[in-house]
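The values are calculated or read from the model by the stated rules, or taken from the named source; none is laboratory data. On a predicted model such as this, the values are computed, not experimentally measured, just so you know. Glycine gets a Cβ as well: all are built from the backbone with ideal geometry, and neighbour counts include every protein chain shown. Calculation scope for accessible area: heavy atoms of the full protein, side chains included, ligands and nucleic acids excluded. Shrake-Rupley method; radii C 1.70, N 1.55, O 1.52, S 1.80 Å.
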Amino acid sequence: MAGNDTLSSARDAGRQLLTEVESKQLLVEAGIPTTSALLAANKDEAVRLSSEIGFPAVLKIASSSIAHKSDVGGVKLGLANEDEVGQAFDEMMDTIGNDVPDAEIQGVSVQSMARPGIELVLGMSKDPQFGPVLMFGLGGVLVEVLKDVAFRIVPLTPRDAAQMVREIKGFAVLEGYRGQEPVDVAAIEESLLKLSRFVEERPMIKELDLNPVFAYSDGLTVVDARIVLEDA
Ligand code: ADP
Ligand code: MG
């Protein structure tokens, strides 16, 4: 299985934290839509890849030692042309070189700007007693401050997925408010079920964090993904 290759090669290299590029690659194989990210090893490659995928582009640091990219100046959004990409690359490497000099850098991930949507968070963590547990919530303040999240033990049934989405207090937001269109709740349920199968088949995944996922009136897309592997 191609997905297991990505996992085993990271683990053979002693890396527990997969990069966003690797994590999104695995999600694509699981059938979950993402803003696919390409790895650029240097500035020229970053410029070339961004003009290939089209502007506005996004650059993010790709490092197996950086878990939170924006905390270290490792996310540059809405880059309008090749010059801006080149400049963003230099700035990012400067800041990170100064602030996190020991970070092992694989390069930068290059991706398209996702169109704005309602922010969701989907995750998996392992409970000592119940094993893999999926988490669902609305992004940003609602998850971080209000802890408005739902949990279900893997494997999820379609009924579990339907209940999870509906039991958060923020569900009203998904149904549409102040003239906003309702989001595609069926697409969220489907992604939860795919995610459940994905982690069930890959016990070497210790932790998974899709934050944010943008939900639309038609489908959704994973904007950031982080996968952590079990100790070798
Ligand atoms: P991290 O969580 O590691 O700091 P993210 O990849 O989540 O980095 O990026 C930080 C924020 O930037 C996201 O929460 C999102 O709002 C925005 N963002 C990141 N990637 C994209 C993208 N491809 N399109 C649009 N917005 C993005
Ligand atoms: Mg994130």
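Details
- Here the relative contact order of the range 118-229, from alpha carbon pairs under 8 Å that lie six or more residues apart, stands at 29 percent.
- Using a Förster distance of 22 Å, the FRET efficiency for residue 5-residue 232 (Cβ separation, nearest 0.05): 0.85
- Here the range 36-112 exposes an accessible surface that is 45 percent carbon and sulfur, computed with a 1.4 Å probe and the other protein chains kept in place.
- C-alpha center-to-center spacing [the range 6-42, the range 61-88] in angstrom: 17
- Environment charge at residue 87 (Cβ cut-off 13 Å; Lys +1, Arg +1, Asp -1, Glu -1): -4
- Cα-based shape type of the range 118-229, given that a ≥ b ≥ c are square roots of the gyration tensor eigenvalues and the cut on a/c is 1.5: prolate
- Taking label points 7 Å from Cα along the Cα-to-Cβ direction, residue 201 and residue 52 give a separation of 2.7 nm.
- Links that overshoot a 19 Å alpha carbon limit, given the list 76/147; 147/194; 43/76: 76/147; 147/194
- Rounded if a/c under 1.5, otherwise prolate or oblate - the range 1-108, Cα gyration tensor axes: oblate
- The range 1-33 residues near the modelled residue 71 label - backbone nitrogen below 17 Å, point 7 Å along Cα→Cβ: 16-20
- Length added when fully stretched, residue 141-residue 90, from 0.36 nm per residue minus Cα-Cα: 15.2 nm
- Of all accessible heavy-atom area on the range 131-183, the percent that carbon and sulfur account for (1.4 Å): 58
- Taking each residue as 0.36 nm, the span from residue 125 to residue 81 lengthens on full extension beyond its C-alpha to C-alpha distance by 12.0 nm.
- The chain - percent relative contact order, Cα under 8 Å, separation 6 or more: 23
- Top of 23, 217, 63 by mean-square fluctuation, Gaussian network on the chain, Cα under 10 Å: 217
- Inter-site label distance for residue 175 and residue 29 at 7 Å from Cα along Cβ, in nm: 4.0
- The chain: C-alpha gyration tensor shape, a/c 1.5 cut-off, then a/b vs b/c: oblate
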